[in-house]
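Reading through the structure tokens given below for one structure.
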Amino acid sequence: MESHKEEVFETEVIELLKANGYQEGTSKNYNKTLALYPEDLITYIKTTSPKAYEKLSKTYGATVDEAICKRVAKQMDTHGSLHCLRKEVKDRGAKFKLCQFKPELFNADTQKKYEANILCVVRQLYYSEQNRNSIDLVLFLNGIPFATIELKTDFTQAVEIAKSQYKTDRLPKGEPLLAFKKRALVHLAVSGSEVWMTTKLAGAKTFFLPLNRGTVEGGAGNPHNPNGYATAYLWEEILNRDSILNILQH
């Protein structure tokens, strides 16, 4: 059960993300079977690949949105989400991109598609068809989940409890969101003072690496932040719109 303090932390983090280019979604709009946020995926394709969408509409008729989502999910199950974000998806003679990275040389059309990218955060995402588990925050790019986050408020071993949650309650078997490379690319255990990450959930064998900056004295963890959380750099610098798109591109 979420404590009041964790709820406050969660709300503050969401506000920071919204200030850095995200919009907020809801768990009920998430498709558990496909592990996608269909509304954003379809919006992005309609906006940036209208001809492909029109062509597929003629093929699939009223079920076009569902067909596109199933096609994208199948491609990601086969090739992984990062591959699909970087390449085109083909279906019935139509081709479309799932995102647009920043062009190296300015091009008005490409820039417009870059600006159309939709970053979304969903809190308390009920992700499973097998149980009632929820994840504190899940981040999406154009409907494709790329990061899950468990938040813990600061007390001794706070971040260790988040790591333990991933090891015991976030088992990837039968969960496309959590399967290695299929959807989410990174899983973050976060407190107000520390950030740890893993790219592969494997039960008790899950291995976390620190994503901390080190203290001023050269120790582990992060320096004190007089203006807020010591981990504010995660939301403001690493996960902000331009930065995360650059990370996913390279």
**Item:** the range 87-105 - residue that is charged (D, E, K, R) and part of a strand (DSSP E or B) and, of those, farthest from R241 (Cα to Cα)
**Value:** D91
**Message:** So, in the range 103-121, how many residues would count as being exposed (fewer than 14 other Cβ atoms within 10 Å of the Cβ) and of a type in the set (K, R)?
**Reply:** 1
**Complete:** Out of (1) under 14 Å from the mean Cα position of the chain (by Cα); (2) buried (at least 18 other Cβ atoms within 10 Å of the Cβ); (3) not assigned by TED's automatic domain parsing to the domain that holds T48, the one Q124 does not meet is (2)
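Can you name the residue in the range 48-69 that is among the polar types (S, T, N, Q) and surrounded by fewer than 16 Cβ atoms within 10 Å (Cβ to Cβ) and, of all such residues, is nearest to G143 (Cα to Cα)?
T63
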**Item:** All helices (runs of 4 or more DSSP H) inside the range 27-86 with 3 or more residues being β-branched (V, I, T) and over 22 Å from F180 (Cα atoms)
**Value:** 38-48
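Here is a check on your reading of the model: is V138 crowded, with 18+ Cβ neighbours inside 10 Å, more than 22 Å from A35 (Cβ to Cβ) and not small (G, A, S)?
Considered against the rule, which asks whether it is crowded, with 18+ Cβ neighbours inside 10 Å, more than 22 Å from A35 (Cβ to Cβ) and not small (G, A, S), V138 comes out as no.
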**Request:** Look at the range 106-124 and say how many of its residues are closer than 15 Å to Q23 by Cβ and in a strand (DSSP E or B).
**Result:** 5
**Message:** I want to confirm something. Restricting to the range 221-250 and keeping residues that are part of a loop (DSSP other than H, G, I, E, B) and surrounded by fewer than 16 Cβ atoms within 10 Å (Cβ to Cβ), which single residue is modelled with the highest pLDDT?
**Reply:** H250
**Request:** For the range 153-187, name all the residues that are at pLDDT below 95 and in contact with a Phe, Trp or Tyr (Cβ under 7 Å, 6 or more places away or on another chain).
**Result:** T153, V159
**Message:** Looking only at the range 21-40, count every residue that is in contact with a helix residue (DSSP H, G or I) (Cβ under 6 Å, 6 or more places away or on another chain) and either of a type outside the set (D, E, K, R) or at pLDDT below 95 (or both) and tell me the total.
**Reply:** 6
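The values are calculated or read from the model by the stated rules, or taken from the named source; none is laboratory data. These numbers come from a predicted model, not from an experiment. Every residue, glycine as well, gets a Cβ built from its backbone with ideal geometry; the counts of neighbours run over all protein chains shown.
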